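Below: one structure, written as structure tokens.
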Amino acid sequence: MKRILYLDAFSGISGDMFLGALVDAGLPLEPLLKGLKALAVEGYQISAQKVYRGPFHATRLKVHVNSGTGNRSPGNQHDHSHGHGHSHSHDHGHSPPKSAPEAVNPATERSYRTIVQLIRSSSLPERVQGLAIRVFTRLGEAEARVHGVPLDEVHFHEVGAVDSIVDIVGACFGLYYLDIETVWCSPITLGTGLAKGAHGTFPLPAPAALEVLKGVPVRQRDTGFELCTPTGAALAASLASGFGTFPPLRVSSIGYGAGDDRPGEVPNVLRVVIGESGEARERDRVVQIEANLDDASPQWLGYLQEQLLAAGALDVAITPVLMKKSRPGHLLTVLATPGKEAVLEDLIFQETPTFGLRKQEVERVILARDLVPVATPWGEVRVKVGRRGGAVVTAAPEYEDLKKLAQSTGQPIKELSRRVMEEFHRGVKSG
């Protein structure tokens, strides 16, 4: 069964809250620390303790960064855990390339390029490396756009570099250790107010966090606090397959990651829910976008359909309809992954004369599916097989494979389809 993690960011999200919530949901601290030792990072310790945030008994995870180079003595240790403060600071400039990453300590700054080298040269599993680099890339690209510099000139310095590395790599390792295949997320809650950083005072949400969250559904609450840090935003935006309400799942564990204790009615926690899909493998949630079009050329709609599918639409349908005053028109229906529909909406407005769209989130019942190769005298054809409860309920040859065979052999495509399905059913019976 597929394992799903749902991020309930009702009070925002930060890197340490994400990691603390994973620990609270069942990620043992010892394997986490062992996994992080695969990185050449020095000068920090991690602590986790149970605390109360409102009614929730949550895990407060802290990254303690030493003030001296590699100095681990308690007397020289500063607590630089960030909670809902800034997950990193940054600077921009040129640094000479290194042939191999050095051990990171809090007295040095590290560029995006160096951090990627650090991750790639580690003994972390490939999946963890890939996820962590994806998150750092999204974070680095956001910083680069905010400050108008190339990605390779973005620097994470001093405490911020260590915090970000531990939070991001630790969270990705946690997903790997807990065997999480899919991450889903609620809309991200953002705070309000002003904050100070390395470049002066700025409004909340932080510019980098807001840049990271392009295309992600958000909501804002008047708090006077930073609810969503750039690191937290990058983790959610990079790891989540979609945004919205709970996907169908059987809940197996729940975790609460605590941020700083602060005044206010809403507890400063991030909730994570872990479960198995089971039947949920055959159900998901999609956004359905519709528009009635009575003044668009059919040729335009054919082009639009191609553009929407190329931009990531799950499906596009165009249905002839009769509109008011008996005018002939078309109903455009587009299905999209929740949280990723903005680019599709832009395309519809750009390519059609419509003044508005209808949008709703709907549940979709789908068959578990896979592609089965079928050998024929003319070549291999893939057959898409749909299963429900493990039983095959439908099957059909892939059109593009049939099209290639028809073009190369000159045979009718319907005859090729019949022969392929005969071979498929013969194989099913013999299997």
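Surface composition of the range 256-369: carbon and sulfur make up 50 percent of the accessible area, probe 1.4 Å. In the list (1) 27.3; (2) 18.0; (3) 25.9, the label attached to mean projected area of the Cα convex hull in nm² as derived from the coordinates here is (1). Exceedance of the 27 Å cut-off in Cα-Cα distance is limited, within the set LYS50/LYS340; LYS34/LYS62; LYS2/LYS414; LYS50/LYS196; LYS2/LYS62; LYS340/LYS403, to LYS50/LYS340; LYS2/LYS414; LYS50/LYS196; LYS2/LYS62; LYS340/LYS403.
Under the criterion of Cα pairs below 8 Å and six or more residues apart, the relative contact order for the chain equals 18 percent.
For the peptides 407-415, 216-224, the ranking by packing is 216-224, 407-415, with the highest mean count of neighbouring Cβ atoms within 10 Å listed first. Taking a span of 27 Å or more along the helix axis (Cα atoms) and a mean Kyte-Doolittle hydropathy of at least -0.5 as the rule, the DSSP H helices of the chain that qualify are 126-147. In percent, what relative contact order does the range 315-368 have, based on Cα pairs under 8 Å that are 6 or more apart in sequence? This gives 23 percent for the range 315-368. Charge dipole of the range 215-325 (Cα centre as origin; +1 on each Lys and Arg Cβ, -1 on each Asp and Glu Cβ, all else neutral): 180 debye, rounded to the nearest 20. Within straight-line reach of LYS359, meaning a Cα separation under 14 Å, sit the following aspartates and glutamates at least 8 residues removed in sequence or on another chain: GLU290, GLU341, GLU345, ASP346. Across the range 293-431, the relative contact order, built from alpha-carbon pairs under 8 Å that are at least six residues apart, equals 15 percent. Accessible surface for the chain, divided over its residues, is 47 Å² per residue with a 1.4 Å probe. The protection proxy used here, the mean number of other Cβ atoms lying within 10 Å of each residue, ranks peptides 354-361, 27-34, 242-249, 270-277 as follows, highest first: 270-277, 242-249, 27-34, 354-361.
Ordering ALA237, ALA313, HIS64 by Cα displacement along the dipole of the chain toward the positive end leaves ALA313 in first place; charges were set at the Cβ atoms of Lys, Arg (+1) and Asp, Glu (-1).
The values are calculated or read from the model by the stated rules, or taken from the named source; none is laboratory data. What you are looking at is a predicted structure, and each value in this text was computed from that prediction instead of being measured. Glycine gets a Cβ as well: all are built from the backbone with ideal geometry, and neighbour counts include every protein chain shown. Calculation scope for accessible area: heavy atoms of the full protein, side chains included, ligands and nucleic acids excluded. Shrake-Rupley method; radii C 1.70, N 1.55, O 1.52, S 1.80 Å.
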